[in-house]
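The values are calculated or read from the model by the stated rules, or taken from the named source; none is laboratory data. Predicted, not measured: the structure shown is a model, and the values here were computed from it. We place every Cβ from the backbone using ideal geometry, glycine too, and count neighbours over all the protein chains shown.
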């Protein structure tokens, strides 16, 4: 029997209109600063989900994911918001395999979403 290692790749869905809206509402400089602050917070929260998962801290995992969802919606990271909400739902259940897979997906989508926003910001400057 051969064992295959799966390397899932998933595109991050980003609503560029949300970034444009933020920059239009706040002005380009202030908007970019606000988006950068949200991205830094998201990066820290995504890391905290990994730590919470490794420590079996489901309440901390759930709390981080609720914050990720709220912040990612602010900057148009639609896929990340959806996956974070999926993790929240699985924290209440007893399906460890599904929770593990979805936390892993959150990590992948989070990284790709942050990169997508950086790329989108480069196009706005």
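Test residue 115 against the stated conditions and say whether it is at pLDDT 95 or above and either assigned to a helix (DSSP H, G or I) or over 30 Å from residue 24 (Cα atoms) (or both). Criteria not met by residue 115.
Residues that are part of a helix (DSSP H, G or I), under 18 Å from residue 119 (Cβ atoms) and at pLDDT 95 or above do not occur anywhere in segment 23-36.
Residue 91 passes every criterion in (1) under 11 Å from the mean Cα position of the chain (by Cα); (2) under 15 Å from residue 105 (Cα atoms); (3) at pLDDT below 95 apart from (1). Apart from one condition, residue 12 fits all of (1) modelled with pLDDT under 95; (2) assigned to a helix (DSSP H, G or I); (3) surrounded by 14 or more Cβ atoms within 10 Å (Cβ to Cβ); the exception is (2). Scanning segment 54-100 for residues that are in a loop (DSSP other than H, G, I, E, B) and within 23 Å of residue 34 (Cα to Cα) yields a total of 2.
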